[in-house]
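Here's a structure for you.
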Amino acid sequence: MKADPFPIGSVLKNPKRFVVPIYQRTYTWKIQPHLESFFDQVKAKAEERLNGNGHFPHYMGAVLVIPRGAYSFGRMEVLDVVDGQQRLTTFQIFLAALRDLARTLGQIQTADLLGSLLFNPEGPQLHERIERYKLYPTAYDRKLYCDLIDLDWDTLRKKYPDSFYKNGRVLENAELLLRAWGFLRTEAEAFIGSTEEQSRIDTGGEGSSSMTVTRTNVPLGAFRGQKSLIVSYLNEAPGPVTLDQIVTDLTPTYEPLINDWVKTEAGGVRGSIRYHLRTLQELGQVELGSGKDTPMPASAPKSTLDEETRAARLNALSAALLESFQVIVITLDERDDAQVIFETLNAGGEPLAAMDLVRNDVFHRAVRAGENVEVLMENRWRTFEEPFWKVLGVRGRIKKPRIDFFLSDTLAAETGREILLTELYARYKSFVVERKFVSVDSELETLLRHAPTYRKLVEPTGESALAEVGRELGFFDVTTAYPLIFVIQASDAPEEEKSALYQLIVSYVVRRMLCGLTAKNYNKTFLRLADQLRMEGVSIAHGTAAFAALDGDTVRFPKDAEFRGAISTRRQYGNIQQYRLQHILAKLEGEARDKFDEATSLPDDLTIEHVLPDTWWEHWTLPDGTQAAADLVTGMSESQLKLIAEREALKHTLGNLTLLTDARNPSLGNLGFAAKRLKLQVSLLKLNHEIAVMPDWTEERIRTRAIRLSDLAIKIWPALGPAS
């Protein structure tokens, strides 16, 4: 292994190809926090050069490469990039943006020099067109990257019209590579062609306090976080305001929302607000001015600098990147373990998803084993490069990409052991060693077997049994059952048996919830069940027996008698989250309907209503006809207190709860039953019709209705069958 520092220009000057293997991460650098910081650093070095300084290098981390084969006469050197592809890609995009600017300014010689760092020269070493690119990124980024290197601004706008605003700026939802190119080109253009005064306004230096912010007639959008504070402030502002005024007024509430990097490297509150104001300007929602009557243009202003000065600033910016910026180039040989070095280099940097580490490990092993990585990527791994897997999922307080949760569930399903997310990569490597796969292909086949199941659970569309269990577990936030479902779904059991097992899982969850039993041990319980089914075979008989064997309050499957008792006597309102209780009542409504009822879907705005109100004493007398005191105590006899206690115990039980639309619910309030009944009669819900036909609503009516709801609940969430 060799490790030496090189200026960026030295890394790129000679004919060679840097090839990013197909299994590496796609481009991930965003404007914040990556590109703004990067450009500010380059700009600072350019300013030093213009002022006669700039002798000290700026280090940009490491680039880890492996030569592809030994030297071969007539062939160009090829280096596989194991780590550092984000930096190299950014350097190349920036060089392409500078070259485009140089052409625009008529600096053809500079443009050609910059182009020589993007392309290998024509000659006998070039055997294919792709070999002309000094950097060849991973497959997902390849087409757009090559267009950015080959095309100018106007041609890019024509080829990707949906990625640009009408004013030429790149949309915020464009692909990251295009956004990076657009940002770097715009910032470089402002630096090269701006006056000193305009530069101070753009960069927030001396003079930026005079920036004014004026609302346009375009409605401000709905935003979150920092931008929402700015938008709320501007909505209430009577007229144009200065940047200083916004910063002063918002700092107390704004500063807690920004991270340490923004505070130290990106201008703090002022820099962050200025960045968001630029975004609002691009959307046409505000106008930014350097004074009362001087609007700032959406694109770089017409320069008042002469051609020689602009050329000098372009050269300073180019030289800053190519001469002042250095990387440590680590070149490995066949004796070095690239994966170990890769993990070490990334241990202290921006956290990689566990699956990023897994992917690199998988393909490094495939290369060593002589397997075709192109085929593996195309036929196996490409599934995991889809956007679905990169979406952040939430489990409790933990936020991770879905791919990490999927890997955790897969390992749990395959091993029967609990998998901590903090140990995910290490546990995967241990799993591979234990399983002794005959090939990386068969290893990936194991992962892919569970991928469709996970997707259906997370995004449960359709009417399949798997989609239904996904929807139900989503309502109750019981993702700990996923490994068990993986085992069931991957088996060759008949579909009707799989469906019955899924119904048992949901019954187990709902019964325990209504019975007030803990959910704390679900992770271990479902893993235990998954392990049993994997060892004994997946069937309704084995599943029923496994559930029946769960003993003790922390794990047992409630029987019908306990379930009925909980529905009749246990307080549910206030003990179960309202949206879950609404869902349970909606399922009971669905079960109550028959073929004679109108087949309408339930409205989305249903809320829980107490038939006997929570504060019932104003309009509801006690069963003996007397009136209860407002505090339910003062002046009450022993018999009245007993009746009050009985009523209070029943009012939050399931038998006294129903569903009504938002609009109708508040109007019922604490009305007496006669008034409520009229409202319930016009409801579309079967359960409300059953209440409305009653002449009165008493404690005995509540108990009777609880029995009715228990009968329905047992059909929806059945007990264990005879096999138990």
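From the cross-link list LYS559/LYS715; LYS651/LYS686; LYS559/LYS587; LYS587/LYS686; LYS16/LYS134, which pairs have alpha carbons spaced over 18 Å apart? All intermediate terms of the calculation are to be shown ahead of the outcome.
On the way: LYS559/LYS715 13 Å; LYS651/LYS686 21 Å; LYS559/LYS587 20 Å; LYS587/LYS686 12 Å; LYS16/LYS134 6 Å.
Beyond 18 Å: LYS651/LYS686; LYS559/LYS587.
A further question on this structure: Tell me, rounded to the nearest percent, the portion of alpha carbon pairs in the range 97-177 spaced more than 15 Å apart.
Details: 2071 of 3240 pairs.
Result for the distance tail: 64 percent.
Looking at the chain, identify the longest residue range that excludes and avoids all GluC sites (Glu not before Pro) in DSSP loops having at most 13 other Cβ atoms within 10 Å.
On the way: sites that count: GLU122, GLU128, GLU172, GLU206, GLU334, GLU463, GLU598, GLU618.
Here the longest segment lacking exposed loop sites spans 464-597.
In whole Å, what is the distance between the alpha-carbon centres of the range 368-418 and the range 680-706?
The range 368-418 and the range 680-706 have Cα centres spaced 50 Å from each other.
Here's something else I'd like to know. Give me the percent of DSSP beta bridges within the chain that run antiparallel, rounded to the nearest 5. Walk me through the numbers before you get to the answer.
Working: 30 of 42 bridges.
Of all bridge pairs located within the chain, approximately 70 percent are antiparallel.
In debye, nearest 20, what is the charge dipole magnitude of the chain about its Cα centre with +1 on Lys and Arg Cβ and -1 on Asp and Glu Cβ, if you could check? Spell out each step's value before the answer.
Details: 88 positive and 98 negative charges, 107 e Å.
In debye, rounded to 20, the chain gives about 520.
Compare the Cα positions of ILE691, MET76, THR661 along the charge dipole of the chain (+1 at Cβ of Lys, Arg; -1 at Cβ of Asp, Glu; about the Cα centre) and return the one farthest towards the positive end.
Of the candidates, ILE691 comes out farthest on the positive side.
Once amide H atoms are built 1.01 Å from N in the peptide plane, which residues 5 or more positions from LEU135, or in another chain, come under 5 Å H to H?
Residues meeting the criterion, in which the H sits 1.01 Å from N, are PHE18.
Treat every Asp and Glu Cβ in the range 563-716 as -1 and every Lys and Arg Cβ as +1, leave all other atoms uncharged, and give the resulting dipole magnitude about the Cα centre to the nearest 20 debye.
About 400 debye.
Another question about this same structure. Summing +1 for each Lys or Arg and -1 for each Asp or Glu, what net charge is found among the other residues whose Cβ lies under 11 Å from the Cβ of ALA366?
With Lys, Arg at +1 and Asp, Glu at -1, the net is -1.
Check which residues have an amide H placed less than 5 Å from LEU64's amide H, if you skip close sequence neighbours.
For LEU64, whose amide H was placed from the backbone, the distant partners under 5 Å are VAL82, ASP83, GLY84, ILE330.
Right, something else. Residue by residue, what Karplus-based ³J(HN,Hα) values in Hz, rounded to whole numbers, does the range 681-693 have, using 6.51, -1.76 and 1.60 with θ = phi - 60° and x for Gly and Pro?
With coefficients 6.51, -1.76 and 1.60, one gets 5, 8, 6, 8, 8, 4, 4, 6, 4, 5, 6, 5, 7 Hz.
Which cross-chain or sequence-distant (5 or more) residues have an amide H under 5 Å from the amide H of LEU659, H modelled 1.01 Å from N in plane?
So LEU659 has HN proximity to GLU609.
Related question: Could you state the orientation-averaged shadow area of the convex hull built on the Cα atoms of the chain, in nm² to one decimal? Don't skip to the answer; put the middle values down first.
Working: hull surface 165.1 nm².
Mean projected area for the chain: 41.3 nm², to one decimal.
Something else now. Count of lysine pairs in the range 382-497 with Cα atoms under 19 Å apart, counting only pairs 8 or more residues apart in sequence or on different chains?
Numbers: LYS390/LYS399; LYS390/LYS400; LYS390/LYS456; LYS400/LYS456.
Eligible lysine pairs with Cα atoms under 19 Å apart amount to 4.
Rank LEU322, PRO483, VAL247 by how far each Cα sits towards the positive end of the charge dipole of the chain (+1 on Lys, Arg Cβ; -1 on Asp, Glu Cβ) and give me just the farthest.
PRO483
Follow-up question, since we're still on this one. Please turn the phi angles of the range 569-578 into ³J(HN,Hα) values with the Karplus equation 6.51 cos²θ - 1.76 cosθ + 1.60 (θ = phi - 60°), one per residue in order, whole Hz, x for glycine and proline.
Computed from phi, the couplings for the range 569-578 are 10, 7, 5, 9, 5, x, 9, 10, 3, 4 Hz.
Can you give the Kirkwood hydrodynamic radius for the range 546-693, in Å, rounded to one decimal and based on Cα pairs?
On the way: mean 1/r = 0.0575 Å⁻¹.
About 17.4 Å, per the Kirkwood formula over Cα pairs.
All of the numbers you see were taken from the coordinates with simple rules; none came from a lab. Because the structure is predicted, anything quoted here is derived from the model rather than measured. Positions of Cβ are generated from backbone atoms using ideal geometry, with glycine treated the same way; all protein chains shown enter the neighbour counts.
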